[in-house]
């Protein structure tokens, strides 16, 4: 049974406030699969079927190409399944693990916030190393090995914190958790960079492969939750080691190091200021940061909220909530591009803001009124909303960055989206949320989350309206393109 006595020593570490545009300068050197000048992009899938047998009616001389496409599809599907599934349990059950080991909710928030900073720094460091050396597989396998070692050392089987008390235990657990975050940070980027080599033409869309990632995420979360009920938290970290080992073996067997094309020396990339400091682009990235701060109330604390308010909640049920959210993400990711093309980026972002406020209001209502032993069952009805509050928001954010930046700045643009939302936003929100919970409880946290999101949506609308009136005439052509694309 999960022990959720939240005790420990209060900590007052500051949140990870970092200037987004300064980080962008460093990110220009990072090896990311979106760098149009260095790597062949994955196909959009808009003009071809995602099904692995889409070429069954092709001419006989294309049969070998169809087989290659099918091999690529199922290899990438299995890789997404294993990689995402392995990370699911550690990602979602870490707050519960830390609380069960004696950290109070404020300390949990600080550890999670530092973990986001470590992921940001790790992505920069290992991406740069891989780019300089060209040994993408070597860097990936090395970081996977270290992350598995850290995960296993966190279990009750190899626990260096065993017998420690007070600050010593807090510090050791924080070091293990944040070091793990540092070494797991490059896995997604490096796998994407390696995978593009396996593709000659055709393939699968982002939404199609995201389906397998969602399946792996959801099923692994349920299985790991059941494992925690039966064997304790060791099951989560051991399962991570097994899944990461299998995905590493698949990379060794099926993929080669990518060979980036030589950039055109005559083509000078657009400056950061000319891309990201032209209205209304900074306001959109500010929105991603604020949305990430408030989303941390759910992303970092939802499972801890359920397990604390309803102590009899089984861990397999917590995994089921993750599965439900993942399953309902699938159609959103598959059809998000069509929706965005029809109504635009901004309406999708505003809709996600309003639905997030409703979601937080529902959580606060359950905290106040659902006092029965099995009150946690209500969350089965609420978690499908994750598909719109996150999946639609994230799809719109990625599409905004794609449209707003030129090809030579796509890597920086996508890294800024992730950095603004996850590394800065969720990291900062984890610190704030932990202190709010400690002082006022979960009900107040979600009431504040709903009110803050509504207030920010109103402020953001005013800022966008003000920015649209102050655009320089020299930017009129670019502004017109943004408006036609549904960006402003």
Which of the residues belonging to region 203-260 are under 24 Å from residue 131 (Cβ atoms), assigned to a helix (DSSP H, G or I), out of contact with any helix residue (DSSP H, G or I) (no Cβ under 6 Å at 6 or more places or on another chain) and at pLDDT below 80?
-> 206
Only one of (1) under 11 Å from residue 392 (Cβ atoms); (2) free of Cβ contacts under 8 Å to residues at least 40 places away in the same chain fails for residue 342. Which number is that?
-> (1)
Residue check: is residue 349 over 22 Å from the mean Cα position of the chain (by Cα), at pLDDT 90 or above and within 30 Å of residue 212 (Cβ to Cβ)?
-> no
Any idea how many residues of region 413-435 are closer than 10 Å to residue 297 by Cα and free of Cβ contacts under 8 Å to residues at least 24 places away in the same chain?
-> 0
Within region 282-320, residues outside any helix (DSSP H, G or I) and crowded, with 24+ Cβ neighbours inside 10 Å come out as 300, 301
Any residue in region 153-163 that is touching a residue at least 12 places away in the same chain (Cβ under 8 Å), assigned by TED's automatic domain parsing to the domain that holds residue 187 and within 22 Å of the chain's Cα centre (by Cα)?
-> no
Meets criteria (within 26 Å of residue 163 (Cα to Cα) and either outside the structural domain of residue 241 (by TED's automatic domain parsing) or in contact (Cβ under 8 Å) with a residue 24 or more places away in the chain (or both)) for residue 75 = no
Within region 103-118, which residues are surrounded by fewer than 24 Cβ atoms within 10 Å (Cβ to Cβ) and within 14 Å of residue 186 (Cα to Cα)?
-> 117, 118
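The values are calculated or read from the model by the stated rules, or taken from the named source; none is laboratory data. This structure is a prediction, so every number in the text was calculated from the model and none was measured. Heads up, the Cβs are rebuilt from the backbone with ideal geometry, glycines too, and the neighbour counts pull from every protein chain shown.
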